[in-house]
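Input: a single structure, listed below in structure tokens.
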Amino acid sequence: MLGAGRALREAPLRGNQGLGRLPGDIIIQRENFSFYFPVTTAIIVSLLLSVVLWFFNR
């Protein structure tokens, strides 16, 4: 938990190294329109939160 907190705190200092655009994320770009839906990122975040909540409820 401390390592994850530290990584989140220092992430802005390291530049743009977050999860970003992963394979499986939906990106649609047109002339006057841009749509980004982070499917893979949402799944990863959901799994991580599920593990953390399971750990605390145990």
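Taking 30 Å as R0, compute the FRET efficiency from the Cβ-Cβ separation of PHE55 and PHE35 and round it to 0.05.
0.30
How would you order 28-34, 44-50 from highest to lowest mean count of nearby Cβ atoms within 10 Å?
Top to bottom by mean Cβ count within 10 Å: 44-50, 28-34.
Between ILE43 and ILE28, what length comes free when the chain is fully extended (0.36 nm per residue of separation minus the Cα-Cα distance, one decimal in nm)?
Length gained between ILE43 and ILE28: 3.5 nm.
Just so you know, all these numbers are worked out from the coordinates, no wet-lab data involved. Keep in mind that this is a model prediction, so the values were computed, not measured. Note that we place each Cβ from the backbone using ideal geometry, even for glycine, and neighbour counts take in every protein chain shown.
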